1. Which value in nm describes the separation of the simple spin-label points at Gln195 and Glu152, placed 7 Å from the Cα toward the beta carbon?
2. Please tell me the relative contact order of the stretch 1-75 in percent, rounded to the nearest whole number, where contacts are Cα pairs under 8 Å and at least six residues apart.
3. Please give the charge dipole size of the stretch 8-354, origin at the Cα centre, charges +1 on K and R Cβ atoms and -1 on D and E Cβ atoms. Round to the nearest 20 debye.
4. Hey, what does the equivalent ellipsoid look like for the stretch 8-354, semi-axes from the Cα gyration tensor as sqrt of 5 times each eigenvalue, largest first, whole Å?
5. Keeping all protein chains in place and using 1.4 angstrom, which order do Tyr41, Tyr294 fall into by accessible surface area, from largest down?
6. Could you give the length gained by full extension between Asp243 and Arg220, i.e. 0.36 nm per residue of separation minus their alpha carbon distance, to one decimal place?
7. Would you mind getting me the FRET efficiency between Arg162 and Thr85? Use the beta-carbon distance for r and R0 = 25 Å, nearest 0.05.
8. Just to be sure I understand the model, the point goes 7 Å from the Cα along the line to the Cβ. What's the resulting Glu320 to Glu274 distance in nm?
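The values are calculated or read from the model by the stated rules, or taken from the named source; none is laboratory data. Quick caveat: nothing in here was measured; it's all calculated off a predicted structure. Counting neighbours? That spans all protein chains shown, and the Cβs are built from the backbone with ideal geometry, glycine included. Each accessible area value is taken on the protein alone, full model and side chains, heavy atoms only, with ligands, DNA and RNA left out. Shrake-Rupley method; radii C 1.70, N 1.55, O 1.52, S 1.80 Å.
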Amino acid sequence: MANLFDPITIGDVTLENRIVMGPLMRNRTPDAVPNALNVEYYRQRATAGLIISEATAITEQGQGYSHTPGIYNDACVEGWRQVTTAVHEAGGKIFCQLLHVGRISHKSLQPFGDPPVAPSAIQAKAKTFVIYPDGTSDFIETSMPRALKPFEISGIIDDFRRAASRAMDAGFDGVEIHAANGYLIDQFMRSGPNQRTDLYGGPLENRARFMFDIVGSISREIGPGRTAIRLSPVAPSNDIQGDKPQALFNYVASQLSAYDLAYVHVIEGATGGERNYVQGPVPFDYEQMRETYYRTDGTGAWMVNNGYDRQLAIDALEKERADLICFGRSFIANPDLVRRLRINAELNPVDQRTLFGGGAEGYVDYPVLGG
Ligand SMILES: Cc1cc2nc3c(=O)[nH]c(=O)nc-3n(C[C@H](O)[C@H](O)[C@H](O)COP(=O)(O)O)c2cc1C
């Protein structure tokens, strides 16, 4: 029976334990280039079996929030190289989470002040986070997007491929494709925001095509054993809506199994909220999705997230519902989370005030046991 502290090999990468630090946007990277403060933050958390970086934009067009990192030029690669080196020196492993926000952006964050792009010209009832030049910040409405032209779609698939290649140059152990939480790939997958009538819209197989094109392109570029994906079958994040999530994600699982991915990462319920959140008439059956993946000969590890504490995590491994457990907020507040879970120590609470933006406070100054 698997234990949280047992090593595991996922694709081409071996992890010290099954405790994963989730992707956490912290908005402390002005100019999109990781800096010394970011290096220190990740270094402190390197005892996680795996760190997944905060969402990292594949292009400037893929940016939707102020002061978030990118992986689209040499300076970004150099900045990330400092992070990956520090994590490796501390004995950890780190994947880069690749993001294109699609319509979850504001004109002021886009190149030339252009509208953000989306499958269809439908505005999200959602907010983004901006930091103004004077240092003040605010959550503001996302802008009206424009629909992507067919030729632009292949360009974005290629942007994902190039970003994955740059992530490898920066020393990452692999990449996680961000297909969750209402960003561009999720926007394509759902019938609400995707009203296209071409090959990328309509039936669920068409809506999932963009995601599979990206998975294929990245797998060919860096190898499937260094490629992973994050999905959130029912999360309503960023005004995402669509019909028949079970049919969609069973299909996704049955097709993802054709790639020998490092792992499939599933957010259960509403991200950061109700684990039992229901979209549609019936609760989502995560077990059915997982079984579909393995029945169709999927070989990747299964990672779960959302509201896991020590006991839930132990149960999930014991019942073989998952191979890896991803912790988000508790890693923000507990750099030594692995040690605390091992000895069943109390956890530091998260300071909500310092989640997004700012400096060292609430970022690299959370206390460690005996520190
Ligand atoms: C401050 C903050 C930033 C987040 N940034 C990201 C992100 O960049 N990418 C992502 O996929 N999820 C992001 N999430 C969601 C978390 O990865 C995770 O799914 C969520 O916190 C639920 O896990 P938990 O209950 O262990 O915290 C973020 C959550 C928080 C609280």
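1. About 1.7 nm separates the two model spin labels.
2. It rounds to 32 percent for the stretch 1-75.
3. 280 debye
4. 27, 25, 20
5. Correct descending sequence by accessible area is Tyr294, Tyr41.
6. Computed gain between Asp243 and Arg220 is 5.1 nm.
7. Here the calculated transfer efficiency is 0.70.
8. Result: 3.2 nm between the two label points.
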